[in-house]
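Student: One structure coming up, written as structure tokens, with questions to follow.
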Amino acid sequence: MTQPTPAMREAIANAVVGDEQEREDPTVIELEERAAAFLGQDAAVFLPTASMANQIALRILTRPGDEVLAEENSHVFINEQGGPAVFSGLVMRGLPGHRGRIAPEQIRAAMRDWSSGHMPVTRLVSLEDTHNSAGGRVWPLDELDAIVETARELDLRVHLDGARIVNAATALGVPAAEIGRRTDTVTLCFSKGLGCPLGAIVAGSAELMVAARRGKHLFGGAMRQAGIVAAAGIYALDHHVDRIADDHARARRLGDAWAAAGLPVDPEQVETNFVFLDVGPLGLTPAEAMGRLEAAGVRLSPTVHPTILRAVVHLDITDEDVERAAELAPAALGIARVPA
Ligand SMILES: Cc1ncc(COP(=O)(O)O)c(C=O)c1O
């Protein structure tokens, strides 16, 4: 939703570029080095999208016929068109989550018998932080440690879809590397809270990133003068990381205001930049509610949950916008008769 800021556009305009397929684009190389350090990993590969970053990570950590475990509503499972099956021949096994998180005992229970000549080999656990469809929820570090430790014990690999890892790190008050260093591979998306027009990163060990770079070519993601876009990523790492805390504060204010006005919002749910609004109790369908809200000037999006809408706070949303949304949404939705 964000537009590049004037300063980001200037960084883009001034980017020194070259052929990135030949490793001759200094801006892409700089971004990859910066992003690897930012995520606490040895190396990183710049990609057009976080979906591609996830799919490449899954591919390089597995073999066709392997099984990947993930929370059932994770992005890699429900928003990437079955990519793990299509691109990597993986069996996708979704586990029910709590706030987007799965527990070590679920991994243990889901493990296939590796000695079986019949079963797929359980190979990989894919986690998501923050978890999109759970409402931008954050993994506490001790829970993340517990699941990674269990995975290691069971000889499983671990990928982290950290498209919004900066939001997670901000909510926990730790550097992103403190989260990103814990798994074999980690994804970061530049076109969400970081406010870039496009771009993503997959990071991991130097050896894995050799495979990821091959995957980038295979998936058609090897670009040419991609420094034009990488410059925005570098700018965002320099200027848009600390400000994420503002988005979280605004989302909290919005959630609190809507809850106080009587809208079905759980303020406890607001850990990062999303506010979930359940229109079911208002007797409205999501389409009706979105129509009324849009007419009032407040744009929300649907979620995987049949009655829940999502408000996202980002760098183009100001304090005044939050105040207006806080006022306009209850009025727009209040027309509905709330069942007793
Ligand atoms: C958790 C998560 N991972 C990955 C992606 C994919 O990002 P992209 O649109 O860059 O492919 C998204 C996009 O919403 C996401 O929410």
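Read-outs throughout are calculated quantities, based only on the coordinates presented, and are distinct from any laboratory measurement. Fair warning: this is a prediction, and the values are worked out from it, not measured in the lab. Cβ atoms come from the backbone with ideal geometry, glycine included; neighbour counts cover every protein chain shown.
Student: For a footprinting-style exposure proxy, rank 187, 170, 285 by other Cβ within 10 Å, fewest first.
Tutor: With the fewest neighbours first, 187, 170, 285 line up as 285, 170, 187.
Student: Taking the highest mean first, how do the peptides 315-323, 234-242, 196-204, 50-58 order by number of other beta carbon atoms within 10 angstrom per residue?
Tutor: Answer by packing, highest mean first, reads 50-58, 196-204, 234-242, 315-323.
Student: Between residue 321 and residue 63, what is the FRET efficiency for a Förster distance of 51 Å, r being their Cβ-Cβ separation, to the nearest 0.05? Kindly include the intermediate steps, with their values, before the conclusion.
Tutor: On the way: r = 48 Å, r/R0 = 0.94.
Using R0 = 51 Å, I get an efficiency of 0.60.
Student: Report, in debye and to the nearest 20, how large the dipole of the chain comes out about its Cα centre when Lys and Arg carry +1 and Asp and Glu carry -1 on their Cβ.
Tutor: It comes to approximately 700 debye.
Student: So how much slack lies between residue 33 and residue 114, counting 0.36 nm per residue of separation and subtracting their Cα-Cα distance, in nm?
Tutor: Working: separation 81, 0.36 × 81 = 29.16 nm, distance 3.74 nm.
Using 0.36 nm per residue and subtracting the Cα-Cα distance, I get 25.4 nm.
Student: Modelled label-to-label distance, residue 93 and residue 256, 7 Å Cα→beta-carbon offset: nm?
Tutor: Here the modelled spin labels are 4.4 nm apart.
Student: May I pose another question? Which residue, chosen from 295, 226, 274, occupies the Cα position most advanced towards the positive end of the dipole of the range 181-309, where the dipole is computed from +1 (Lys, Arg) and -1 (Asp, Glu) charges on Cβ about the Cα centre?
Tutor: 226
Student: Size of the dipole of the range 118-273 about the Cα centre, Lys and Arg at +1 and Asp and Glu at -1 on the beta carbon, nothing else charged, in debye to 20? Display every interim value, and only then the final one.
Tutor: Numbers: 16 positive and 20 negative charges, 166 e Å.
In total the dipole reaches around 800 debye.
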